[in-house]
Amino acid sequence: MSYVKGLKCRECGRKYPKEPLYLCEYCFGPLEVDYDYEKIKKKLTKAAIESRPKNLWRYRELMPIDGNPISGLDSGFTPLIRAKNLEKALGVKELYVKDDSVNHPTLSFKDRVVAVALSKAKEFGFDTVACASTGNLANSVSAQSAIAGFKRYIFIPADLESGKVVGTLVYDPILVAVEGNYDQVNRLCSEIATKYKWAFVNINIRPYYAEGSKTYGYEIAEQLGWKTPKHIISPCAGGSLITKILKGLKEFQLLGLINNQPSTINHKLSTKIYAAQATGCCPIVTAIKENSDIIKPVKPNTIAKSLAIGNPADGIYAAATVKESGGWAEDVSDEEIVEAIKLLAQTEGIFTETAGGVTLGVTKKLIEQGKIPKDESIVVCITGNGLKTQEAIVEKIGKPIKIKPSLEAFENSVSYKL
Ligand SMILES: *Cc1c(COP(=O)(O)O)cnc(C)c1O
Ligand SMILES: [Zn+2]
């Protein structure tokens, strides 16, 4: 059963069939999936969703596939945690962490988009999948394509963290480490994609792939009891996730699943969305702060490698999302990222990667600036796991106390400190 009418150009509205296409032939705008919301509304009720298994496919009608999903059957529906200790530390009243650091199977939000991309790639009849990645996408494509039985080619910048490299190689893909930054990897992959008949999940399958991010937004609303928070802070790399969080919430509103008001997809939400980037790579944040419609590409230099995209594909849409919602944007230094990683660990027991440090660091800054009021509900998007980016903090935390295996050694070196 399909609820997808086809693809539609985001810029000029021209319609295209359901095929592995991603750019408008006329204006080069990106293509987006076009749904039959009237039909979805009849089928997708709160009760229907609540009766389904706790994975991202519980929103199946709003996903761009025609048949049954073949991947991600245990992905998504990650915890939304009421962060009481962090509330105290930041001096705010109501704060939640949406924790994709424990997403299945590869511990980042990319497991959502890949589940959708591979299900669609199978429907299109591809036998080989590929991606250009800053790390987490590599892990997820590699793992999920191993399960689904695709041949797999993964392209990464050569200087990635070892956790991301090992966490890709273990699934035995062909892993290509390109001597260059992500933007160069991506340009190379675009050339390869035109020549080889592969499903590049974030290039020719991108319109379908990107829809998977909406489930992160759906879950926030469902887990808050079918309500939206006042503020959501999202990290940005290519800028897709943040736009899809807003799209997801607007779809829920359109379908009457939240806010209980009949509305159109253009009805304004009361949720403000904020973009978070590292100072060493913040083209989207800069455009928002300067109120500019163009994204000036930068050369990334930050420990937040998963977010290090200097020329973000969805940058202008990310900036437009923030503006439309009435939110704002901030960036944080590498030191602030490390501090925020430690703060989240020491208050909530969640070990996030550098991207999560960016999001929490920016949240703290926006609260201190008064941009986010202390008495309104806040959701912080934690999208990846800290065990994958240990290089970033290994020199900034304590060291174990080494002793000989005797009581005397223990008392001499440890317990005298008590
Ligand atoms: C890819 C990624 C993002 C951001 O994704 P975009 O949709 O490209 O903006 C955020 N956090 C983590 C950990 C990621 O790997
Ligand atoms: Zn167009």
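The values are calculated or read from the model by the stated rules, or taken from the named source; none is laboratory data. Small disclaimer: the values here were computed from a predicted structure and weren't measured. Note that each Cβ is placed from the backbone with ideal geometry, even for glycine, and that neighbours are counted across all protein chains shown. We work out accessible area using only protein heavy atoms, side chains counted, and drop any ligands, DNA or RNA first. Shrake-Rupley method; radii C 1.70, N 1.55, O 1.52, S 1.80 Å.
Accessible surface comparison of Val298, Val166, probe 1.4 Å, protein chains only, largest first: the order is Val166, Val298.
Each residue of region 34-47 was assigned a 3J(HN,Hα) from its phi angle through the Karplus expression (A = 6.51, B = -1.76, C = 1.60, θ = phi - 60°), giving 10, 9, 8, 5, 4, 5, 5, 4, 6, 9, 9, 9, 4, 4 Hz with x at Gly and Pro.
Taking a straight line from the alpha carbon of Lys98, these aspartates and glutamates sit under 16 Å away, with near neighbours fewer than eight places off in the same chain left out: Glu87, Asp111, Glu219, Glu222, Glu348, Glu353.
Our note on the geometry: Cα centres of region 104-129 and region 1-76, 14 Å apart.
Can you sort Asp375, Asp293 by solvent-accessible area, 1.4 Å probe, largest first?
Values: Asp375 100, Asp293 125 Å².
So the residues, ranked largest to smallest area, are Asp293, Asp375.
For region 237-363, what percent of Cα pairs sit more than 27 Å apart?
Of all Cα-Cα distances in region 237-363, 25 percent exceed 27 Å.
Enter the angle in degrees (range 0 to 90, nearest 10) between the Cα long axis of helix 315-325 and the first principal axis of the Cα atoms of the chain, meaning the one along which they spread out most. So the helix axis and the longest Cα principal axis differ by about 90 degrees.
Mind listing which trypsin sites (Lys or Arg not before Pro) in region 374-418 are in a DSSP loop and have 16 or fewer other Cβ atoms within 10 Å?
On the way: sites: Lys374, Lys388, Lys396, Lys402, Lys417; in loops: Lys374, Lys402.
Listed in order of number, the matching sites are Lys374, Lys402.
Heavy-atom surface analysis with a 1.4 Å probe gives region 263-418 a carbon and sulfur content of 55 percent of its accessible area.
The aspartates and glutamates within cross-link reach of Lys151, meaning a Cα-to-Cα straight distance under 12 Å and a gap of 8 or more places when in the same chain, are Asp127, Asp172. Per-residue accessible area (protein heavy atoms, 1.4 Å probe) orders Lys299, Lys15 as Lys299, Lys15, starting from the largest. Taken about its Cα centre, the chain carries a charge dipole of roughly 920 debye when the Cβ of each Lys and Arg holds +1 and the Cβ of each Asp and Glu holds -1. Surface calculation, 1.4 Å probe, protein heavy atoms: Thr78 sits at approximately 0 Å² accessible. In the context of the full protein assembly, Tyr26 retains an accessible surface of approximately 140 Å², using a probe radius of 1.4 Å and ignoring ligands and nucleic acids. Note on the chain: helix-only mean residue ellipticity at 222 nm, from DSSP H runs of 4+ residues weighted -39500 (n - 2.57) and normalised by residue number, equals -11000 deg cm²/dmol.
Relative to the longest principal axis of the Cα atoms of the chain, the long axis of helix 214-223 makes an angle of roughly 70 degrees. Given the pairs Lys305/Lys399; Lys244/Lys371; Lys18/Lys305; Lys164/Lys342; Lys39/Lys164; Lys41/Lys272, which are separated by over 31 angstrom at their Cα positions? In this structure, Lys18/Lys305; Lys39/Lys164 exceed 31 Å between Cα atoms. Hey, what angle do you get for helix 240-254 against the long axis of the chain, alpha-carbon based, 0 to 90 degrees rounded to 10? Once rounded, one gets 60 degrees. For region 333-346, putting each phi into the Karplus relation 6.51 cos²θ - 1.76 cosθ + 1.60 with θ = phi - 60° gives couplings of 6, 4, 5, 5, 5, 4, 4, 6, 4, 5, 4, 5, 5, 7 Hz, in residue order, rounded to whole numbers and with x for Gly and Pro. Computed on the Cα atoms alone, the convex hull of the chain gives a volume of 154 cubic angstrom per residue. Converting phi to 3J(HN,Hα) with the Karplus coefficients 6.51, -1.76 and 1.60 and the offset θ = phi - 60°, region 204-210 yields 7, 9, 3, x, 7, 3, 4 Hz in sequence order, with x at every glycine or proline.
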